[in-house]
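Have a look at the structure below, then the notes.
The values are calculated or read from the model by the stated rules, or taken from the named source; none is laboratory data. For clarity, every value in this text was computed on a predicted model and none was experimentally measured. Here the Cβ positions follow ideal geometry from the backbone for every residue, glycine too, while neighbour counts run over all protein chains shown.
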Amino acid sequence: MLRGARRQCLGTPPRPRRPAHQLSQDPVRELERIRDWQVTNYLIGNYDGHAKNLSILYEPTRSIPVLAPFYDMVCIELMNRIGVSSYERAMAFSIGGVSEPERIRRSDWEQWAKAMAFAPRRVVSRLEELALAAPAAAREERAAFAAVHGDNQAYDYARSRSMTGAGGC
């Protein structure tokens, strides 16, 4: 235990306790989920998507852990725009070395993809796919939420104040 704490304090990565092929039942799918998590953080303006927002689950029926469902995905950009608070506008994990969302370009996504061992074309394609799907998905979720919790003009206000396209809600 002390060795692990020492390694952490020194910034040395821990030694894996299992061979890489035993860290996930479907490592390709888990990496795709992490890709989608980062893309979604960018698209919704969640600049606070940091490593503590990622967890793994150890299920009693499985011997290998799985990536937990994502959580704490908050549209920081919207909160800044409607004046709820003033949060930093920098991605917790940079994209190709760029943290400011308005400065992130296709070439930065391509660089990020290479660093993550993804095919750049597939990452850019997925970014475009999710960006195009986001407005309809947001409308559907808004309607479903309103059906359960009641309608409120604040929903439309939030949508009208948010950015359109990448880097906003």
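So in region 91-108, with the set limited to residues that are in contact (Cβ under 8 Å) with a residue 12 or more places away in the chain and aliphatic (A, V, I, L, M), which one is surrounded by the most Cβ atoms within 10 Å (Cβ to Cβ)?
Across region 91-108, the extreme among qualifying residues is I95.
Tally up the residues in region 54-78 that are in contact (Cβ under 8 Å) with a residue 24 or more places away in the chain, outside any loop (DSSP other than H, G, I, E, B) and under 15 Å from R29 (Cα atoms), please.
2
So which of R81, R126 ends up being in contact (Cβ under 8 Å) with a residue 60 or more places away in the chain and under 17 Å from R33 (Cβ atoms)?
Working: R81 fails: under 17 Å from R33 (Cβ atoms).
Selected residue: R126, the only one of R81, R126 that is in contact (Cβ under 8 Å) with a residue 60 or more places away in the chain and under 17 Å from R33 (Cβ atoms).
Got a sec? Which of L43, L67 is over 21 Å from P135 (Cβ atoms) and under 16 Å from the mean Cα position of the chain (by Cα)?
Values: L43 fails: over 21 Å from P135 (Cβ atoms).
Of the residues listed, the single one that is over 21 Å from P135 (Cβ atoms) and under 16 Å from the mean Cα position of the chain (by Cα) is L67.
Only residues that are in a helix (DSSP H, G or I) and modelled with pLDDT of 85 or more: list them for region 143-169, please. If you could, list the steps in order and put the result at the bottom.
Within region 143-169, the subset in a helix (DSSP H, G or I) is 143-149, 153-161.
Selection gives A143, A144, F145, A146, A147, V148, H149.
Look through region 99-108, keep the residues that are in a helix (DSSP H, G or I) and of a type in the set (D, E), and return whichever of them is modelled with the lowest pLDDT. Steps first, answer last, please.
Here is the first cut: in region 99-108, the residues in a helix (DSSP H, G or I) are 101-103, 106-108.
Now narrow it down to the ones that are of a type in the set (D, E): 102, 108.
Numbers: E102: 92, D108: 98.
Restricting to residues being in a helix (DSSP H, G or I) and of a type in the set (D, E), the top hit is E102.
Which of the residues that make up region 25-39 are in contact with a helix residue (DSSP H, G or I) (Cβ under 9 Å, 6 or more places away or on another chain) and among the hydrophobic types (A, V, I, L, M, F, W, C)?
W37, V39
Within region 109-128, track down each residue that is assigned to a helix (DSSP H, G or I), in contact with a helix residue (DSSP H, G or I) (Cβ under 9 Å, 6 or more places away or on another chain) and surrounded by 11 or more Cβ atoms within 10 Å (Cβ to Cβ).
Restricting attention to region 109-128, the residues satisfying the condition of being assigned to a helix (DSSP H, G or I) are 109-115, 120-128.
In the following step, the residues that additionally are in contact with a helix residue (DSSP H, G or I) (Cβ under 9 Å, 6 or more places away or on another chain) were identified as 109-114, 120-124, 126-127.
Correct list: W109, E110, Q111, W112, A113, K114, P120, R122, V123, V124, R126, L127.
State all residues of region 63-116 that are touching a strand residue (DSSP E or B) at 6+ places or on another chain (Cβ under 9 Å) and of a type in the set (K, R); if no residue qualifies, say none. Before the answer, list the steps.
First, pick out the residues of region 63-116 that are touching a strand residue (DSSP E or B) at 6+ places or on another chain (Cβ under 9 Å): 65-69, 91, 101, 104-105, 108-109, 111-112.
Answer for region 63-116, where residues must be touching a strand residue (DSSP E or B) at 6+ places or on another chain (Cβ under 9 Å) and of a type in the set (K, R): just R105.
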